[in-house]
Amino acid sequence: MIENPHAATDSQEDFVVRDGVRMTVCDAKDAATKMFLRGQELAVHGTPLTQLDTTSDAFADAKAGYEAPFKQEDWEVELTGDGQDLYGMTGRGGSPDYFRIWGGIDHVNDCPSNDYSFNSLYFNDQRDPEVIWQLAYELVNIFNGANELFSFQARKQSIREIYFLGKRVSRRQQARVIALLGRPRMHQHKWEEQLGKALQMSPRLGLLVLATENEDIYMMLKYLGFEASWSNYYKLLETMETHAKLKGKEIPGTKAERGRFTNNANNFSLVGYDARHGLKALSERENTETAMSLQEAHAFIAGRCKGYLNTVYPQYFHFT
């Protein structure tokens, strides 16, 4: 007695022919997925599909992968830098998709590690590894600038490797890019959710999100990400004062504090070759301004930047 009269029919329907080979539907799907991913890998490395028979099912699946946009989760940017800083940050909850960080755990030995990676929603729909590298460089630079706002000469994060589906992608040199990344296509509610998550995890990530579409914050973090120097700090001060003036705002702080900073930054006799002006003939009146260390200059500039953020973006920041 046949308990299932449709068993034979079902069995026949569970098999298909793929490139002349009879296989189960499950195996055919696995083969199609494998070739789709193979096509994506070839696209990443710029390898043509010429080694495949263009009339085959395998070629059709590989071609579909070759032409398909990539997803954020397909990429991994491996970081090297201050692992303890990232450990403290990731311990506060999930990071936003703008700069989604993970790591800190050695699953093989079941212990903490200093290995961290990130990817970004800016990687969605990108097909060119060159673009991925440049996006990664820019995001890391912005993140480093945000770190410098809170810590003098903070240890910078840098990119060790980039992987696509677990396989290393050839390194690209960093290009000179001066442009906002812009807001990704998303509903206002979704953007507010992302920013809220970023601010909850760390004000640095909140600054990163805002820097992708606000020129003032972008320029602030870019300057902070440069080498700590009197000339760079002076440029940053002038830049933020210009932005404040354009917005009809005034950065909190005394003229005396500013005067001490600018006097040092301009004076070769006080700060040496990093001064904004070169050696000048001594004037009859000796400069009596107290010398300022570069770390003190950083504290002044960081304070002015935080004051700017409190004044222009009070809905997000309340620095003391």
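Tell me what the chain gives for mean residue ellipticity at 222 nm when only DSSP H runs of n ≥ 4 count, each as -39,500 (n - 2.57), the sum divided by the residue total, rounded to 500 deg cm²/dmol.
Details: 12 runs with 154 residues, N = 320.
Theoretical 222 nm ellipticity from helices: -15000 deg cm²/dmol.
Carbon-plus-sulfur fraction of the accessible area of region 1-153, 1.4 Å probe, in percent? Before the final figure, lay out the partial values.
Working: 4180 of 8190 Å².
Its accessible area is 51 percent carbon and sulfur atoms.
Proximity of backbone amide H atoms, modeled 1.01 Å from N, is registered between Ile101 and Ser95 at under 5 Å, excluding neighbours fewer than 5 places apart on the same chain.
Taking only protein heavy atoms into account and a 1.4 Å probe, give the accessible area per residue of the chain in Å².
Values: 18010 Å² over 320 residues.
Result: 56 Å² per residue.
Extension gain Tyr87-Arg127, at 0.36 nm per residue separation less the Cα-Cα distance, in nm? Extra length available between Tyr87 and Arg127 comes to 11.3 nm.
Computed from the Cβ-Cβ distance with R0 of 35 Å, the FRET efficiency linking Val25 to Tyr163 stands at 0.65.
For the ranges 227-234, 21-28, what's the packing order if you count other beta-carbon atoms within 10 Å of each residue, average per peptide, and put the highest first?
With the highest mean Cβ count within 10 Å placed first, the list reads 227-234, 21-28.
A simple spin-label model places pseudo-atoms 7 Å from Cα toward Cβ; at Thr254 and Val17 they are separated by 9.1 nm.
Centre-to-centre separation between the Cα atoms of region 115-189 and those of region 76-93: 14 Å. Can you list the residues, at least 5 places off or on another chain, whose amide H is less than 5 Å from the amide H of Arg18, using H built in the peptide plane? Amide H neighbours of Arg18, under 5 Å, 5+ apart: Met23. FRET efficiency for the Lys71 to Leu246 pair, using the beta carbon distance and R₀ = 30 Å, is estimated at 0.20.
In terms of its C-alpha gyration tensor, the chain has a prolate overall shape, because the principal axis ratio a/c (a ≥ b ≥ c, square roots of the eigenvalues) is not below 1.5 and a/b outweighs b/c.
Among the listed pairs Lys235/Lys255; Lys197/Lys306; Lys156/Lys247; Lys156/Lys245; Lys29/Lys71; Lys71/Lys197, give every one whose C-alpha distance is greater than 29 Å. Don't skip to the answer; put the middle values down first.
On the way: Lys235/Lys255 17 Å; Lys197/Lys306 20 Å; Lys156/Lys247 32 Å; Lys156/Lys245 31 Å; Lys29/Lys71 20 Å; Lys71/Lys197 21 Å.
Over 29 Å apart, Cα to Cα: Lys156/Lys247; Lys156/Lys245.
Provide the gained length on full extension for the span Lys235 to Ala64, in nm with one decimal, where the gain is 0.36 nm per separating residue minus the Cα-Cα distance.
On the way: separation 171, 0.36 × 171 = 61.56 nm, distance 4.95 nm.
This chain segment gains 56.6 nm when fully extended.
To the nearest ten degrees, helix 255-266 and the longest principal axis of the Cα atoms of the chain are 80 degrees apart.
Once the Cα atoms are used to define both axes, helix 230-246 deviates from the longest principal axis of the chain by about 80 degrees.
Using the average count of surrounding beta-carbon atoms within 10 Å as a protection proxy, the listed peptides 256-262, 146-152 rank, highest first, as 146-152, 256-262.
Report, to the nearest 10°, how far helix 294-312 tilts away from the longest principal axis of the Cα atoms in the chain, using its own Cα long axis and a range of 0 to 90°. Tilt relative to the chain: about 70 degrees.
The values are calculated or read from the model by the stated rules, or taken from the named source; none is laboratory data. Computed from a predicted structure; not experimentally measured. All Cβ positions, glycine included, derive from the backbone under ideal geometry; neighbour counts span all protein chains shown. Accessible surface areas use protein heavy atoms only, side chains included; no ligands, DNA or RNA. Shrake-Rupley method; radii C 1.70, N 1.55, O 1.52, S 1.80 Å.
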